[in-house]
Every structure is written in C-alpha cells, then in structure tokens.
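FYI, it's all coordinate maths here, none of it is from the lab. Given the structure is predicted, the values throughout are model-derived calculations rather than measurements. A quick note on method: Cβ atoms are made from the backbone with ideal geometry, for glycine too, and the neighbour counts reach across all protein chains shown.
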Amino acid sequence: MSETMAATDRIKKDITDNRVMLFMKGNALFPQCGFSARVVQILSHMGVPFHTANVLEDPALREGIKAFSQWPTIPQLYVDGEFVGGCDIVTEMFQSGELETLMKEKGVPHQAAA
C-alpha cells in the first residue's frame, strides 16, 4: 500500500471514529503553530470534546489531508466526518455563533457560549 493510500485510510478512520477531529501542527496540549493553537483554544473554550492528529509527525498525513479535503492549509477541522474548515473559517464561525449552531445540529456536546 502506498503512503498516500495509507494516509487516506487513516484520515477516513480518524474522521469516522472521532466526532470532532482536528488535523493540526502539534497536539492539543502543545500546538506548534498559532493557527492550530487558535482552533484548539476555540474548541476548548466551547467545551467540545475533540481528537487531534499531529501532521508534523507524518509527512504523508500532512500532504494527504490537504489532498483529501482539497484545502491547502492546516489546521483542518472535521465534525461528524464533514470538513468544516481551517483556522479563519472556524474563527469566523465561532464569532458569528455558527460553530455553536453546527455543534447543536450535530448533537456534539459543548457549553453554550457566554
């Protein structure tokens, strides 16, 4: 199996097995870029349980996630297997209340924004 196919299989498994999945640089405890840190901060602030995959540990995953979503940047957020967006989109959705609405619609546990 090629690295690309293996990365695609891993991505599909990650977004199927985890309701909220964040492909990022670093991990939730130690984000390694400001954009990843911002998305972690937003999800944590909302009390959303989420899983992460560190693309810095696996070059095939880093390239594979970009091809899979047809989105050029990292981080990338998925909810119930659907691509939500990167840092700018997640930030805008959080600020407008759309992210909370999405979590409600999907039945993802979270705390109401204050």
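Given Cβ point charges of +1 (Lys, Arg) and -1 (Asp, Glu) and nothing else, what value in debye, to the nearest 20, does the dipole of the chain about its Cα centre take? The partial results should precede the final answer.
Numbers: 10 positive and 14 negative charges, 27 e Å.
It works out to roughly 120 debye.
Placing +1 on the Cβ of each Lys and Arg and -1 on the Cβ of each Asp and Glu in the range 31-114, which of 108, 77, 54 has its Cα farthest towards the positive end of the resulting dipole?
My answer, from the dipole projection, is 54.
So what's the angle, to the nearest 10 degrees on a 0 to 90 scale, between helix 59-69 and the longest Cα principal axis of the chain?
Helix 59-69 and the main axis of the chain meet at about 60 degrees.
Given 0.36 nm per residue, what is the gain on full extension from residue 95 to residue 16 after removing their alpha carbon distance, in nm?
Residue separation times 0.36 nm, minus the Cα-Cα distance, leaves 25.7 nm.
Once a ≥ b ≥ c are taken as the square roots of the eigenvalues of the Cα gyration tensor of the range 1-48, is the result rounded (a/c under 1.5), prolate (a/b larger than b/c) or oblate (a/b not larger than b/c)?
Cα axes put the range 1-48 in the oblate bin.
Using just the Cα positions, wrap the chain in a convex hull and report its mean projected area in square nanometres, one decimal place.
Working: hull surface 26.1 nm².
About 6.5 nm², averaged over all directions.
Expressed in nm to one decimal, what extension gain is obtained for the pair residue 51 and residue 73 from 0.36 nm per residue of sequence separation less their Cα-Cα distance?
That works out to 6.1 nm of additional length.
Under a cut-off of 26 Å between alpha-carbon atoms, report the lysines in cross-link reach of residue 66, not counting same-chain residues fewer than 8 places apart.
In chain and number order, the partners are 12, 13, 25, 106.
In the neighborhood of residue 74, defined by Cβ-to-Cβ distances under 9 Å, what is the net charge if each Lys or Arg adds +1 and each Asp or Glu adds -1?
Overall, the nearby charge balance is +3.
Quote the charge dipole size of the range 72-114 about the Cα centre in Debye, to the nearest 20; the model charges only the Cβ of Lys and Arg (+1) and of Asp and Glu (-1).
Charge dipole, the range 72-114, about its Cα centre: 120 debye, nearest 20.
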